[in-house]
Amino acid sequence: MKLDFRLSGGSYPKHFAVGIASDGKQGFVTSFEPQFPTYFATSRLLEITRGEVPVERLDLAGSGAAIAALRRCVAEQRAQAKGADRPDVRADDIPVDPFAPSAKAKRKK
């Protein structure tokens with residue numbers, strides 16, 4: 001499906017999104033370019049529409065602080081990942097891409 005995303009300072013018209021449903025609730029997933037969090041953090045409002053049909057309207061007050069906290073968390077996780085004494089957090093029996101059609105369960109040792 002195509003959705004229109006409008007931030008205070010710009011827009012993403014006819015942006016591809018995939019519809020999902022879980023536990024009786026409907027939603028969607030999509031991706032944006034790496035600069036999107038900066039645009040999001042500096043916007044006051046996010047409006048999402050499907051053509052003329054409104055999907056969501058979000059007040060983004062406080063999102064700048066949330067994005068800053070997210071960036072600090074990601075930076076800390078990256079720094080820890082580079083540490084030599086960091087234990088492997090992924091179990092050996094979990095495939096790198098468990099959703100790939102060719103993924104098979106690995107035998108536990």
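The values are calculated or read from the model by the stated rules, or taken from the named source; none is laboratory data. Bear in mind the structure is a predicted one, so any value in this text is a computation, not a measurement. Counting neighbours? That spans all protein chains shown, and the Cβs are built from the backbone with ideal geometry, glycine included. We work out accessible area using only protein heavy atoms, side chains counted, and drop any ligands, DNA or RNA first. Shrake-Rupley method; radii C 1.70, N 1.55, O 1.52, S 1.80 Å.
Dipole check for the chain: with +1 at the C-beta of Lys and Arg, -1 at the C-beta of Asp and Glu, and the Cα centre as origin, the magnitude is about 400 Debye. Accessible surface of the stretch 1-42, 1.4 Å probe: 57 percent of it comes from carbon and sulfur atoms.
Across Phe40, Phe99, Phe32, mean-square fluctuation computed from a Gaussian network of the chain (C-alpha pairs under 10 Å connected) peaks at Phe99.
Adding -39500 (n - 2.57) for every DSSP H run of four residues or longer, then dividing by how many residues the chain holds, sets the calculated 222 nm ellipticity at -7500 deg cm²/dmol. For Ala65, the shell of other residues with beta-carbons less than 12 Å away shows a net charge of +2, using +1 for Lys and Arg and -1 for Asp and Glu. Amide H contacts for Ser43 (H built 1.01 Å from N in the peptide plane; partners 5 or more residues away or on another chain; cut-off under 5 Å): none found.
Relative to the longest principal axis of the Cα atoms of the chain, the long axis of helix 63-82 makes an angle of roughly 20 degrees.
For Ala105 and Ala21, the difference between the fully extended length at 0.36 nm per residue and the C-alpha to C-alpha distance is 27.6 nm. Loop-resident GluC sites (Glu not before Pro) (DSSP state other than H, G, I, E or B) in the stretch 1-62 with no more than 15 further Cβ atoms inside 10 Å of their Cβ: Glu52. In the full protein context, the chain carries 82 Å² of accessible surface per residue, based on a 1.4 Å probe and ignoring ligands, DNA and RNA. The residue among Ala79, Ser31, Ala17 whose Cα reaches farthest toward the positive pole of the charge dipole of the chain, with charges on the beta-carbon of Lys, Arg, Asp and Glu, is Ala79. Under the simplified labelling scheme, the Glu47-Phe32 pair shows an inter-label distance of 1.6 nm, with each label point 7 Å from Cα along Cα→Cβ.
Neighbours of Ala17 by Cβ distance under 12 Å: Lys/Arg scored +1, Asp/Glu scored -1, total +1.
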